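Asker: Sharing a structure with you now.
The values are calculated or read from the model by the stated rules, or taken from the named source; none is laboratory data. What you are looking at is a predicted structure, and each value in this text was computed from that prediction instead of being measured. No Cβ is skipped: glycine too gets one built from the backbone with ideal geometry, and neighbour counts run over all protein chains shown. Ligands, DNA and RNA are stripped out before the accessible areas are found, and what is left, the full protein with its side chains, is counted by its heavy atoms. Shrake-Rupley method; radii C 1.70, N 1.55, O 1.52, S 1.80 Å.
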Amino acid sequence: DRGFERINPDIAGRPQVITGNKQILFSGMRVAESCILTLKNKSYSVTADVVIPDGITANGVIITQGGEVGGWSFYAKDGKLKYCFNFFGIDYYIIEADSVIPEGKHQLRVEFKYDGGGLGKGGDVTLYYDGNQFGKGRVEKTIPMGYSADEACDVGSDTGSPASTDYGPTGNKFNGVINWVQIEAMNREGETFRL
């Protein structure tokens with residue numbers, strides 16, 4: 001019985017809707033987990049091209065996948081960029097940038113460097129504003145197969161149950177402009193996979 005293995009298409013070896021190592025998403029998109037690059041058990045980065053309007057303190061979800069039963073979220077709270085990995089609603093690993101996101105156009109990025117050595121291992125997280133490091137932290141363990149049976153990947157808000165304890169199920173829409181978000185699968189050294 002390979003029922004557990006079949007949850008993760010990388011392990012099951014079945015055809016996938018999304019192939020390659022990069023995917024671009026846009027504000028307002030809500031797509032099923034099977035329509036997003038598989039980021040489990042590997043290193044990856046998420047880069048968002050955003051605009052923070054003058055006089056605005058950045059708040060809200062940029063992109064999230066999964067929900068309160070497990071997943072991850074990339075968002076701003078009180079002006080600071082944050083990344084949360086939710087391990088089955090048991091442990092929440094939240095990494096916060098050292099300073100607020102300035103007003104104007106920026107590329108915000110999170111890099112997750114997977115430890116390797118098997119399924120569900122941890123990794124190091126680094127946050128960047130325009131290529132400059134503004135925060136780092138650690139996720140001790142990850143979800144190896146699937147985040148949820150019915151949650152999705154949202155860009156610009158978290159329309160399902162919240163993946164982070166930092167915000168609720170409503171009122172979490174990003175208050176800036178999201179031009180695009182790129183997800184990229186990477187190898188352990190932080191280089192793009194060559195497929």
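Asker: Give the number of residues within the stretch 134-170 that are in contact with a strand residue (DSSP E or B) (Cβ under 6 Å, 6 or more places away or on another chain) and free of Cβ contacts under 8 Å to residues at least 40 places away in the same chain.
Answerer: 0
Asker: Here's something else I'd like to know. With the requirement that a residue be outside any strand (DSSP E or B) and over 19 Å from SER45 (Cα atoms), what does the stretch 58-101 give you?
Answerer: Restricting attention to the stretch 58-101, the residues satisfying the condition of being outside any strand (DSSP E or B) are 58-59, 68-69, 78-79, 88-90, 101.
ALA58, ASN59, GLU68, VAL69, ASP78, GLY79, PHE88, GLY89, ILE90 - these are the residues of the stretch 58-101 that are outside any strand (DSSP E or B) and over 19 Å from SER45 (Cα atoms).
Asker: For the stretch 124-148, how many residues are closer than 29 Å to GLY176 by Cα and surrounded by 13 or more Cβ atoms within 10 Å (Cβ to Cβ)?
Answerer: So the first thing to find is which residues in the stretch 124-148 are closer than 29 Å to GLY176 by Cα, and the list is 124-139, 147-148.
Now narrow it down to the ones that are surrounded by 13 or more Cβ atoms within 10 Å (Cβ to Cβ): 124-130, 133-137, 139, 147-148.
Within the stretch 124-148, residues that are closer than 29 Å to GLY176 by Cα and surrounded by 13 or more Cβ atoms within 10 Å (Cβ to Cβ) number 15.
Here is a yes/no grid of residues against (1) within 15 Å of the chain's Cα centre (by Cα); (2) more than 19 Å from ALA185 (Cα to Cα); (3) modelled with pLDDT of 90 or more:
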residue	(1), (2), (3)
ILE11	no, no, no
LEU39	yes, no, yes
LYS42	yes, no, yes
ILE56	no, yes, yes
ILE62	yes, no, yes
GLN65	yes, no, yes
LEU81	yes, yes, yes
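Asker: Scanning for something at pLDDT 95 or above, hydrophobic (A, V, I, L, M, F, W, C) and under 20 Å from MET29 (Cβ atoms), does the stretch 106-128 turn up at least one residue? Walk me through how you get there before you give the answer.
Answerer: If we filter the stretch 106-128 for residues that are at pLDDT 95 or above, which is where we start, we get 106-115, 121-128.
With hydrophobic (A, V, I, L, M, F, W, C) added as a condition, the list becomes 108, 110, 112, 125, 127.
From the residues that got through so far, the ones that are under 20 Å from MET29 (Cβ atoms) too are 108, 110.
Yes: one or more hits.
Asker: When you scan the stretch 105-123, do you find a residue that is open to solvent by less than 40 Å² (accessible area, probe 1.4 Å), without any contact (Cβ under 8 Å) to a residue 60 or more places away in the chain and closer than 20 Å to GLY60 by Cβ, even just one?
Answerer: Looking through the stretch 105-123, at least one residue is open to solvent by less than 40 Å² (accessible area, probe 1.4 Å), without any contact (Cβ under 8 Å) to a residue 60 or more places away in the chain and closer than 20 Å to GLY60 by Cβ.
Asker: I'm checking my understanding of the structure. Among residues of the stretch 42-94 that are of a type in the set (A, V, I, L, M, F, W, C) and open to solvent by 10 Å² or more (accessible area, probe 1.4 Å), which one is nearest to ASP130 (Cα to Cα)? Let's see the steps before the verdict.
Answerer: Step one: list which residues in the stretch 42-94 are of a type in the set (A, V, I, L, M, F, W, C), which gives 46, 48, 50-52, 56, 58, 61-63, 69, 72, 74, 76, 81, 84-85, 87-88, 90, 94.
From the residues that got through so far, the ones that are open to solvent by 10 Å² or more (accessible area, probe 1.4 Å) too are 51, 56, 69, 87-88, 90, 94.
Numbers: VAL51: 12, ILE56: 19, VAL69: 32, PHE87: 29, PHE88: 32, ILE90: 33, ILE94: 21 Å.
Looking at residues that are of a type in the set (A, V, I, L, M, F, W, C) and open to solvent by 10 Å² or more (accessible area, probe 1.4 Å), I get VAL51.
Asker: Determine which single condition PHE193 fails, assuming it passes every other condition in (1) at pLDDT 95 or above; (2) on the phi < 0 side of the Ramachandran plot.
Answerer: (1)
Asker: While we're here: Part of a strand (DSSP E or B), out of contact with any helix residue (DSSP H, G or I) (no Cβ under 7 Å at 6 or more places or on another chain), open to solvent by 30 Å² or more (accessible area, probe 1.4 Å) and farther than 18 Å from LYS82 by Cα - does that describe any residue in the stretch 32-40? Before you say what the answer is, go through the steps one by one.
Answerer: First pass over the stretch 32-40, keeping only residues part of a strand (DSSP E or B): 32.
Cutting the leftovers down to out of contact with any helix residue (DSSP H, G or I) (no Cβ under 7 Å at 6 or more places or on another chain) gives us 32.
Narrowing further to those that are open to solvent by 30 Å² or more (accessible area, probe 1.4 Å): 32.
Subsequent filtering for residues that are farther than 18 Å from LYS82 by Cα retains 32.
Checked against the condition, which is being part of a strand (DSSP E or B), out of contact with any helix residue (DSSP H, G or I) (no Cβ under 7 Å at 6 or more places or on another chain), open to solvent by 30 Å² or more (accessible area, probe 1.4 Å) and farther than 18 Å from LYS82 by Cα, the stretch 32-40 yields at least one hit.
Asker: Collect the residues in the stretch 142-159 that are in a loop (DSSP other than H, G, I, E, B), within 19 Å of ALA58 (Cβ to Cβ) and not charged (D, E, K, R), keeping them in residue-number order. Steps first, answer last, please.
Answerer: If we filter the stretch 142-159 for residues that are in a loop (DSSP other than H, G, I, E, B), which is where we start, we get 142-151, 156-159.
From the residues that got through so far, the ones that are within 19 Å of ALA58 (Cβ to Cβ) too are 156-158.
Listed by number, the residues that qualify are GLY156, SER157.
Asker: Conditions: (1) assigned to a strand (DSSP E or B); (2) open to solvent by less than 60 Å² (accessible area, probe 1.4 Å). PRO162 meets all but one. Number of the miss?
Answerer: Going through the list (1) assigned to a strand (DSSP E or B); (2) open to solvent by less than 60 Å² (accessible area, probe 1.4 Å), PRO162 breaks only (1).
Asker: Continuing with the same structure: How many residues are assigned to a loop (DSSP other than H, G, I, E, B) and closer than 22 Å to LEU108 by Cβ when one looks only at the stretch 169-188? Write out each step before concluding.
Answerer: As a first pass, look at the stretch 169-188 and keep what is assigned to a loop (DSSP other than H, G, I, E, B): 169-172, 174-176, 187-188.
In the following step, the residues that additionally are closer than 22 Å to LEU108 by Cβ were identified as 171-172, 174-176.
The qualifying residues number 5.
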